[in-house]
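Peer 1: Provided herewith is a single structure, encoded as structure tokens, for subsequent inquiry.
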Amino acid sequence: MRTVYKFLLDHLRDLEGLSFFAKPISAIICLIIIFFAAGLAHLITRKILLQIVSRIAKRTKTTWDDILVKNKVFKGLAHLAPAFIFYFTSNFAHPVLHQELSELDSSVVDILSQDYYLSLAGILLKLTQVYFTLIIVFVSNSFLNAVLEIYNTTDYSHHRPIKGYIQLVKIFVFFMSGILIIAVLLEKDVTGLLAGLGAMAAVLLLVFKDTILGFVASIQLSANDMVKIGDWIEMKSRGADGTVIDITLNTVKVQNWDKTISTIPTYSLVAESFNNWKGMEESGGRRIKRSVNIDMASIRFCDTDMLNRFEKFEIIRDYVKQKEREITDYNTSKHISEEDVISRRRQTNVGIFRKYLEVYLHNHPMIRQDLTFLVRQLHPTSKGLPIEIYVFSKDIVWANYEAIQADIFDHILAVVPEFELKVFQEPTGADISRAISRI
């Protein structure tokens, strides 16, 4: 390009009337040639490079090269061709003008020409360096996006998300690129600018407080396997109850069961408590923990007629007979008469009902038998005697789980009167009206 510039300059000076404008016209023509060559180089490089790479990516069995093409990594690399053209041709006029410095007079035009043409190479060089920096930023950002997408295709990504770390690297790249661009434009040393930023450390810590806290929290969440994408978490303090759909450097997004999105600061998951239901999902069973309140006024000992009726129920027939023999043997061995209703052992309707629930749930096809299995009495309250069911269903899908639970308690509520028991229910308006009418 220096040869072209000198050739144009010499020929234009020989032309009458154009000798005064020889320098600017030569410079403009050279700049046009440079930009045209750079644009052509970029077009050819992008077309050839992308076509070759795309064909190779389609023929390979791996997916990572397709992801690199998709994220425009090679498209960014195509900008290096024009950048190198700008870099090696930016000082095309400097050697020629340097030789002519002694020939310039002190006129205003010559002074302006001298200042302009001598700084032309420096301006082009600065712009080229900025261009190189922007290419590095673009390629780095595209490459990091590709790395994240490639990592997310692995099974391990669900347990160890790295999106927060990728974002941190991007922040570092953008920050250093900004410093480098400022250093180039101001013609300052990069180390000097970085040293000057040391005085702004307190301000930077304040500005990037959430980012720093999020980064530390991301490390803790990942290292301790506290939460990952796809986990069902519940965080009442943040109004979140649903599935984790995204984990970033600063936030964790949770899609609640009502399809709303809750955004939680990442460091809150470390600083505050939350429930992660992945243990339930991994166990293959979902807990059913619900009770039915029995009216304590309906609880009583079983008489002969009641026992004979219970023996007709196949599901508890063996239990009732075996228990009755055991009680009879005990009372006989202790010589306790039938009139001694306080000392002698007797079966109760609520005891047989509780045993019935155990046998019923043991025979239920959708109840896990290898996990915690309890049918128990809770502390009596003013609302009756709670009989609690504490078991696990085989189906953990929410809708199916609720259906299983509802079916079980539909049956329990319907079978309670068969044991001459009553479910406690607070008086309604109709109950009060009937009571008043009787008076």
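The values are calculated or read from the model by the stated rules, or taken from the named source; none is laboratory data. The structure presented is a predicted model; accordingly, all values stated were derived computationally and were not measured. All Cβ positions, even for glycine, are placed from backbone atoms using ideal geometry, and neighbour counts span all protein chains on display. Side chains included, ligands, DNA and RNA excluded: accessible areas come from the protein's heavy atoms. Shrake-Rupley method; radii C 1.70, N 1.55, O 1.52, S 1.80 Å.
Peer 1: What is the set of long-range amide H partners of residue 389 at a cut-off below 5 Å, with H atoms built 1.01 Å from backbone N?
Peer 2: Long-range HN contacts for residue 389: 290, 291, 292.
Peer 1: A further question follows. Starting from the Cα-Cα distance between residue 130 and residue 337, subtract it from 0.36 nm times their residue separation and give me the gain in nm to one decimal.
Peer 2: Computed gain between residue 130 and residue 337 is 64.0 nm.
Peer 1: Could you give the semi-axes, largest first, of the ellipsoid that matches the range 357-439, computed as the square roots of 5 times the alpha carbon gyration tensor eigenvalues and rounded to whole Å?
Peer 2: Semi-axes from the Cα gyration tensor: 32, 15, 12 Å.
Peer 1: While we're looking at this one, here's another question. From the backbone phi of the range 308-322, what are the Karplus-calculated ³J(HN,Hα) couplings (6.51 cos²θ - 1.76 cosθ + 1.60, θ = phi - 60°) in whole Hz, Gly and Pro given as x?
Peer 2: For the range 308-322, the Karplus curve yields 4, 5, 5, 5, 7, 8, 4, 5, 10, 4, 5, 5, 4, 5, 5 Hz.
Peer 1: Determine ³J(HN,Hα), in whole Hz, for all residues of the range 247-254 in sequence, where each value follows from phi through the Karplus function 6.51 cos²θ - 1.76 cosθ + 1.60 and θ = phi - 60°; x replaces Gly and Pro.
Peer 2: Listing the rounded values in order: 10, 10, 5, 10, 9, 10, 9, 10 Hz.
Peer 1: How about the range 233-291: which trypsin sites (Lys or Arg not before Pro) there lie in a loop by DSSP and see at most 12 other Cβ atoms within 10 Å?
Peer 2: 259
Peer 1: Treating only the Cβ of Lys, Arg, Asp and Glu as charged (+1, +1, -1, -1), what charge dipole size does the range 282-439 show about its Cα centre? Round to the nearest 20 debye. It would help to have the intermediate numbers written out before the result.
Peer 2: On the way: 24 positive and 24 negative charges, 54 e Å.
Rounded to the nearest 20 debye, it is 260 debye.
Peer 1: GluC sites (Glu not before Pro), restricted to the range 320-368: which are DSSP loop and have at most 12 other Cβ atoms within 10 Å?
Peer 2: In loop regions of the range 320-368 (DSSP not H, G, I, E or B), the sparsely surrounded GluC sites (Glu not before Pro) are 338, 339.
Peer 1: Still on this structure, I have one more. If the cut-off is a Cα-Cα distance under 23 Å, which lysines reach residue 289, setting aside same-chain residues fewer than 8 apart in sequence?
Peer 2: 236, 278, 355, 383, 394, 422
Peer 1: Related question: Amide H of residue 367 versus every other amide H placed in the peptide plane: which residues, excluding those fewer than 5 positions away on the same chain, fall under 5 Å?
Peer 2: Result for residue 367 returns 394.
Peer 1: Give me the dipole magnitude in Debye, nearest 20, for the range 275-354 about the Cα centre, with unit charges on the beta carbon: positive for Lys and Arg, negative for Asp and Glu.
Peer 2: That gives the range 275-354 a dipole magnitude of about 440 debye.
Peer 1: If you don't mind, there's one more thing I want to ask. Quote to one decimal, in nm, the extra length available between residue 84 and residue 220 on full extension: 0.36 nm per residue of separation minus the C-alpha distance between them.
Peer 2: Length difference between fully extended and current span is 44.6 nm.
Peer 1: Please list 3J(HN,Hα) in residue order for the range 284-295, calculated via the Karplus relation 6.51 cos²θ - 1.76 cosθ + 1.60 where θ = phi - 60°; whole Hz, with x for glycine and proline.
Peer 2: x, x, 10, 5, 10, 9, 8, 10, 10, 8, 9, 5
Peer 1: Let me ask something else. Whose amide H sits under 5 Å from the amide H of residue 423, counting only residues 5 or more places off or on another chain, with H placed in the peptide plane?
Peer 2: For residue 423, whose amide H was placed from the backbone, the distant partners under 5 Å are 295.
Peer 1: Hey, rough spin-label estimate for residue 49 and residue 153, points 7 angstrom out along Cα→Cβ, what's it come to in nanometres?
Peer 2: 2.2 nm
Peer 1: From the residues 80, 39, 62, which one has its Cα farthest along the dipole of the range 38-80 in the positive direction, the dipole being from +1 and -1 charges on Cβ of Lys/Arg and Asp/Glu about the Cα centre?
Peer 2: 62
Peer 1: Taking all protein chains in place and a 1.4 Å probe, what share, in percent, of the accessible surface of the range 264-338 do carbon and sulfur account for?
Peer 2: Carbon and sulfur atoms account for 45 percent of the accessible area of the range 264-338.
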